[in-house]
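The values are calculated or read from the model by the stated rules, or taken from the named source; none is laboratory data. Small disclaimer: the values here were computed from a predicted structure and weren't measured. Here the Cβ is made from the backbone with ideal geometry for all residues, glycine too, and neighbour counts use every protein chain on show.
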Amino acid sequence: MNTTLDRPYIIEMPRFCDPRGNLSFVQDDDQVPFAIRHVSWMYDLPADSAVSLSTIDDRLRVILPLAGSFDVKVTTTDKVTSSHHLNRAYMALFIPSRAEVALTNTSSNSVALILSSTLDPADDD
């Protein structure tokens, strides 16, 4: 696993493929570079919506597309901007602390799962 905490990067979750459906999981800090303290999700995102996530603290986050697809634009504290298209439920994006984050180009009824390194849910709006 990449251990850089100052740049966004893709994390491939474990996956078990089966003709009946596939299974992925995340637990503790085995798949993500932090202990998961808070889990939230955004759902029923309308097609082509844009959602910004606040960036006021040092929390680390990972975003996964549980349904549908969306682009994630990330601007780090040193003003480096990158864009990532997420469209597979086993592909996650690590978000460094204090990064500006915007979900754009959402497909209809997308679901975004957000794993966070802190208990305070105020940032996951």
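Here are the numbers:
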item	result
Test: Leu64 is farther than 15 Å from Ser40 by Cα, under 11 Å from the mean Cα position of the chain (by Cα), surrounded by 18 or more Cβ atoms within 10 Å (Cβ to Cβ) and modelled with pLDDT of 95 or more	no
Selection status of Thr106, modelled with pLDDT of 90 or more, surrounded by fewer than 17 Cβ atoms within 10 Å (Cβ to Cβ), in contact with a Ser or Thr (Cβ under 7 Å, 6 or more places away or on another chain) and of a type outside the set (Asp, Glu)	no
Residue that is modelled with the lowest pLDDT, among those in region 109-125 that are out of contact with any Ser or Thr (no Cβ under 9 Å at 6 or more places or on another chain) and either buried (at least 21 other Cβ atoms within 10 Å of the Cβ) or among the aliphatic types (A, V, I, L, M) (or both)	Leu119
